[in-house]
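To keep things clear, I will list the structure first and then write my remarks on it.
The values are calculated or read from the model by the stated rules, or taken from the named source; none is laboratory data. Treat the numbers as computed from the prediction; the structure is a model and nothing was measured. In this analysis, Cβ positions are derived from the backbone assuming ideal geometry, glycine residues included, and neighbour counts consider all displayed protein chains. Just so you know, the surface numbers come from the protein's heavy atoms only, side chains and all, with ligands and any DNA or RNA stripped out. Shrake-Rupley method; radii C 1.70, N 1.55, O 1.52, S 1.80 Å.
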Amino acid sequence: MPQLACPIFPLTLVLFPGTPQLLHIFEPRYRQMLDDCMAGDRRFGISFVEPGGITEPLPEPGEVGCLAYVQAVRRLPDGQSHIVTIGQERYVLLGFVAADRLYRVAQVETFDDEHEAGGGADDAGEQVRSAFGRFAAGMTALTDATPGSLDLPPDPTALSFHVAAALDIDPKAKQELLALRSTVQRLARLAHLLDALNHEIESRVSVHARARRNGKGGRDHTGQIVGDP
């Protein structure tokens, strides 16, 4: 697999390939990193770390991260910046290397999902696509938002990253999804997570619909009758 040296930005979030991430750059070392990235290939690595105590948390060798490509930068008068990034290849961090910079630089090895024969990924993708549609409909009903169309990638691998990024779940669970090298396994885990989330959300939607109708009855977003008997 290809290896490269890249700046490392440890964050308490997980970036997935093909998904956007807004970041606020304010520390001097990461301002320097951004300047160097913009003068080069516009890429740096985002590695998940848990919030630390006194010492700075750093990713360990062997941990998985994701390369971030800087799509847009908005400089602020005080030297800080808002940037828009998009996830690219995942990587395994091999080790940190010496550099005359304020930020950390690491040698990383990029990788893709392993090839899986058969139609398992397509079938699992359709299951997740349907479950995520239920999830989106439930969230729309719960927040009284205007329904919109879902723009989900047709490719099963891209779909798995898109859905994983969209779910508000524990970052450590997202990190486990990022590290998987099987699209089928990642989709299977997402289907399991969505099943649990959909049961919870649809129960909350029924209560929400009943409250809105003030006990007068009616039907919720699934067509089920709600309200007092």
> So, with +1 on the Cβ of K and R and -1 on the Cβ of D and E, and no other charges, what is the size of the charge dipole of segment 1-137 about its Cα centre, to the nearest 20 debye?
Replying inline: 680 debye
>> With a 1.4 Å probe and all protein chains left in place, how much of the accessible area of the chain comes from carbon and sulfur atoms, in whole percent?
In response: 52 percent
> Once amide H atoms are built 1.01 Å from N in the peptide plane, which residues 5 or more positions from THR19, or in another chain, come under 5 Å H to H?
Replying inline: GLY87
> For the peptides 187-200, 105-118, what is the packing order when you average, over each peptide's residues, the other Cβ atoms within 10 Å and list the highest mean first?
Replying inline: 187-200, 105-118
>> Highest mean first, how do 175-183, 55-63 rank when packing is the count of other Cβ atoms within 10 Å averaged over residues?
In response: 175-183, 55-63
> Using a 1.4 Å probe, what is the accessible area per residue for the chain, in Å²?
Replying inline: 54 Å²
> Given ALA106, VAL128, ALA211, which one lies farthest toward the positive end of the charge dipole of the chain, if we put +1 on the Cβ of every Lys and Arg and -1 on the Cβ of every Asp and Glu?
Replying inline: ALA211
>> Per residue of segment 128-138, what does 6.51 cos²θ - 1.76 cosθ + 1.60 with θ = phi - 60° give for ³J(HN,Hα)? Whole Hz please, x for Gly and Pro, Karplus curve as stated.
In response: 5, 4, 5, 5, 6, x, 4, 4, 5, 5, x
> Tell me, what is the FRET efficiency for LEU150 and GLU63 to the nearest 0.05, using R0 = 25 angstrom and their Cβ-Cβ distance as r?
Replying inline: 0.20
>> Tell me the net charge near LEU93. Cut-off is 12 Å between Cβ atoms, LEU93 excluded, with +1 for each Lys or Arg and -1 for each Asp or Glu.
In response: -1
> Could you state the principal axis extents of the C-alpha atoms in segment 1-85, from the largest down, to the nearest angstrom?
Replying inline: 37, 35, 22
>> Sort 17-24, 152-159, 5-12, 139-146 by packing, meaning the average of other beta carbons within 10 Å per residue, with the highest value first.
In response: 5-12, 152-159, 17-24, 139-146
>> Under the rule of at least 5 residues apart or a separate chain, name every residue whose amide H is placed under 5 Å from the amide H of ALA106.
In response: CYS6, ILE8, VAL97
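Once you sort the root eigenvalues of the Cα gyration tensor of segment 64-175 as a ≥ b ≥ c, which label holds: rounded (a/c under 1.5), prolate (a/b larger than b/c) or oblate (the other case)?
Working: a/c = 2.72, a/b = 1.37, b/c = 1.99.
Oblate.
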> So what is log10(I(q)/I(0)) for segment 150-197 at q = 0.17, 0.18, 0.20 1/Å, when the Debye sum runs over its Cα atoms only?
Replying inline: -0.44, -0.49, -0.61
